[in-house]
């Protein structure tokens, strides 16, 4: 009787281990399949992403300005405006002097 119980227990353990082994094997196959599908997906999308980055790199210099370039150009514009302001101030002084001379000459 004890041998029968031991024999049944051994068969049950063997069957359980077989089911667990089969399950693990199937899970491993699924993981391997998922992994290869993921790699293919990544390869495809890296190619697409690389294309998009290349297009963006080509587009950036044509449509956008670097911050340093912008500041440099604004400084040039400021210098030109300062020069125009100085010229207008000088013209204003000359006009005032001319009017003063004219008025002084009319009074004599």
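Readers should treat all values here as calculations from the given coordinates under stated rules, not as data from a laboratory. Values in this document were obtained by computation on a predicted structure and should not be read as measured data.
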Overall Cα dimensions of the chain, principal axis frame, Å, largest first: 150, 30, 14
Volume of the Cα convex hull of the range 1-64, divided per residue and given in Å³: 59
Folded to 0 to 90 degrees: helix 2-63 orientation relative to the chain principal axis, Cα: 20
Contour excess over end-to-end distance, with Cα ends at residue 31 and residue 91 and 0.36 nm allotted per residue: 13.2 nm
Between helix 67-107 and the chain: long-axis angle, C-alpha atoms, 0 to 90°, nearest 10: 10
Volume in Å³ per residue [convex hull over Cα atoms, computed for the range 66-108]: 24
